[in-house]
1. Name every residue in region 108-118 that is in contact with a helix residue (DSSP H, G or I) (Cβ under 9 Å, 6 or more places away or on another chain) and either farther than 17 Å from residue 95 by Cβ or in a loop (DSSP other than H, G, I, E, B) (or both), in order of residue number.
2. Please note which helices (runs of 4 or more DSSP H) are completely contained in region 243-355 and include at least 2 residues that are more than 30 Å from residue 110 (Cβ to Cβ), outside the structural domain of residue 49 (by TED's automatic domain parsing) and in contact (Cβ under 8 Å) with a residue 12 or more places away in the chain.
3. Could you check region 123-143 and list, in sequence order, the residues that are over 14 Å from residue 107 (Cα atoms) and part of a strand (DSSP E or B)?
4. Would it be correct to say that residue 366 is surrounded by fewer than 20 Cβ atoms within 10 Å (Cβ to Cβ), in contact with a strand residue (DSSP E or B) (Cβ under 7 Å, 6 or more places away or on another chain) and within 23 Å of residue 343 (Cβ to Cβ)?
5. Would you point out the residue of region 392-408, among those that are surrounded by 17 or more Cβ atoms within 10 Å (Cβ to Cβ) and under 20 Å from the mean Cα position of the chain (by Cα), that is nearest to residue 199 (Cα to Cα)?
6. Residues to consider are 93, 81; find the one that is more than 26 Å from residue 133 (Cα to Cα) and surrounded by 16 or more Cβ atoms within 10 Å (Cβ to Cβ).
7. State the number of residues belonging to region 159-201 that are without any contact (Cβ under 8 Å) to a residue 12 or more places away in the chain and assigned to a loop (DSSP other than H, G, I, E, B).
8. When you scan region 213-245, how many residues do you find that are closer than 11 Å to residue 422 by Cα and surrounded by 15 or more Cβ atoms within 10 Å (Cβ to Cβ)?
């Protein structure tokens, strides 16, 4: 959609700054409709305008075909969208329908500032039924379903097909193949092309956290797990962590990864994205939005495949968005009808996200370059395996990134760093 067409839809589409949205949303719920009997709903989402042109099209199509239920689309950008919704919903305000990060749902369900959906689901099941959705473990809390999974995303191995072909190499299917292929690219190119670029920074939020967990999970390991007695315990030992550290450190010792990556924290860092575009980086691991950004300016074909497999499986983590209904809404039935539309194939025909509903995902027509995502999503698992432990995932991520980063930089030998990581996790479990 062009900027001009978006402007024409302003009565139903508002891009709001965080502070302005608060003022507008004070009347968003509780509108009993216009004098002509039209029900007005407010739907709020948090993605940037450049990422929702297809969603705007879908909402416009809804409004054109549902004159009795009209939807205003609000966009609240920024890092405090969750907190803003919580403040509003706690005081009887807020939008009727809220886009949620899947990880937010338990935090908003505890104070009951989302409407439980069980009765609505029983009255009219979404799609082919709630069991046809990915990530339902993240939207269920205390025996109820508090939101509906809407979109799904994960990481996929991203590679320049032409660069690999230049050196007679194929996309790797296992972790060992990834290391060997990356090292071969760097060696055969004389160092002009890095085999594998990944964010290896040691900051608390560095994205290497995801790769490390995929490696552990695919080899049948987990940082923490619940034992038969229901207690949360370590799911790895020091030797297994040391093995993982030595594996990722080998990307640097073999020359497969540029040493500068130890200073990179984001998977969308220009050093990675521009490297893939120009072909000076042969492979990386990206989620869909970052992949599309890299592909848009690539000088050669950029493709995807599922993340490499370990001794037991091929796996990655499941992220995405959910849809919740504000308990203050005067129109929960109409809100549910609108949500049913948002999860349908009609919406995803223009909205460039992957649906969390399996039947819609299976029927989605995706470019060949993105098939790796659709192949990976059915096997992806959420971080609920960690959040259920009660330990903040951010605390785990901070420890893992620091200890792995210390190995890459040579500050700590792998055995020492692995022991340190295990000791710190024991402290987390004991708290």
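1. Step one: list which residues in region 108-118 are in contact with a helix residue (DSSP H, G or I) (Cβ under 9 Å, 6 or more places away or on another chain), which gives 108, 111, 113-117.
Matches in region 108-118: 111, 113, 114, 115, 116, 117.
2. 270-278, 288-296
3. Passing the criteria: only 133.
4. On the way: surrounded by fewer than 20 Cβ atoms within 10 Å (Cβ to Cβ): yes; in contact with a strand residue (DSSP E or B) (Cβ under 7 Å, 6 or more places away or on another chain): no; within 23 Å of residue 343 (Cβ to Cβ): yes.
Here the answer is no, as residue 366 does not meet what is asked.
5. Of region 392-408, the ones surrounded by 17 or more Cβ atoms within 10 Å (Cβ to Cβ) are 396-408.
Then drop every residue that is not under 20 Å from the mean Cα position of the chain (by Cα), which leaves 396-398, 400-401.
On the way: 396: 17, 397: 14, 398: 14, 400: 13, 401: 10 Å.
The extreme case among them is 401.
6. On the way: 81 fails: more than 26 Å from residue 133 (Cα to Cα).
Exactly one residue qualifies, and that residue is 93.
7. 3
8. So the count comes out to 9.
The values are calculated or read from the model by the stated rules, or taken from the named source; none is laboratory data. Computed from a prediction, not measured in an experiment: that's the story for all the values here. Cβ: placed from backbone, ideal geometry, glycine included. Neighbour counts: every protein chain shown.
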